[in-house]
1. Can you list residues from other chains, or at least 5 along the same chain, whose modelled amide H is less than 5 Å from the amide H of Phe113?
2. Counting other beta carbons within 10 Å of each residue's own, what order do Leu156, Leu165 fall into, fewest first?
3. Tell me which lysines have Cα within less than 18 Å of Lys15's Cα, excluding those fewer than 8 residues away on the same chain?
4. In bins 10 Å wide, starting from 0, what share of all Cα pairs of the range 104-184 does each bin hold, as a percent?
5. Relative contact order for the range 88-127: what is it in percent, counting Cα pairs under 8 Å that are at least 6 residues apart?
6. Beyond 25 Å between alpha-carbons counts as too far, so tell me which of Lys31/Lys126; Lys32/Lys181; Lys106/Lys172; Lys142/Lys181 fall in that bin.
7. Arrange the following residues from fewest to most other Cβ atoms within 10 Å of their Cβ: Leu19, Leu130.
8. Glu78 to Leu101: extension gain in nm, 0.36 nm per residue of separation minus the Cα-Cα distance?
Amino acid sequence: MKMDEKTMLATGLRKTHVLLFSNTFPKYHPKKGERTEFVYLITKHRVFCGACSAIREDICSFRQCHLPKIHTCRGNYELWKQRVDEVNRGIAVISLRTHTLGAYVKGDVQKEFLELTKNDEVGVQKLDFLDGLDGPILIDGKEFEGIENICINDGLNYNYMIEWLKPYDLSKPLAIIHFTKFRY
């Protein structure tokens, strides 16, 4: 039985929308099988690795150790817009999860590592690639010249992000799902 929004708010019941994060890079990626560290990057605030005293890519090859992953890019913008709107109205939460053993591995279960609610000020922005990965991009309909910033805030450097996005149908808008109040 479906409940209306007013009943859900009155009873405290919430929908749960799941966002899965991979512990390792996928088979098609140049770093296939290596750890992504996404869970760490999402759950920790600004962190420096032991070898670095400044945020400089030329000093530390593991740039991800410096900056938190504050958003994720996913397909199906319209679906995620609807889901984030539900979270911000207080009738849903987003459960950030990872696999304990790996996707499609016998005995694997999903493990929640963070739940995002209305209080987290989550958001979604529309990301359009006008001419594939090499062309200009739009965020919420406005031209944006900071793809490198999107990559870093997504927990990847530019080259790794481009490889990660290759399987997506870039003729359709992607959703940038923000875990904080930050927006472009």
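1. Amide H neighbours of Phe113, under 5 Å, 5+ apart: Leu96, Arg97, Thr98.
2. Leu165, Leu156
3. Lys2, Lys6, Lys81, Lys111, Lys118
4. Reading the bins upward from 0: 15, 42, 29, 12, 1.
5. 44
6. Lys31/Lys126; Lys32/Lys181; Lys106/Lys172
7. Going from sparsest to densest Cβ surroundings: Leu130, Leu19.
8. 5.2 nm
No lab work stands behind these numbers, since they all come straight from the coordinates. Keep in mind it's a predicted model, so treat the numbers as computed, not measured. We place every Cβ from the backbone using ideal geometry, glycine too, and count neighbours over all the protein chains shown.
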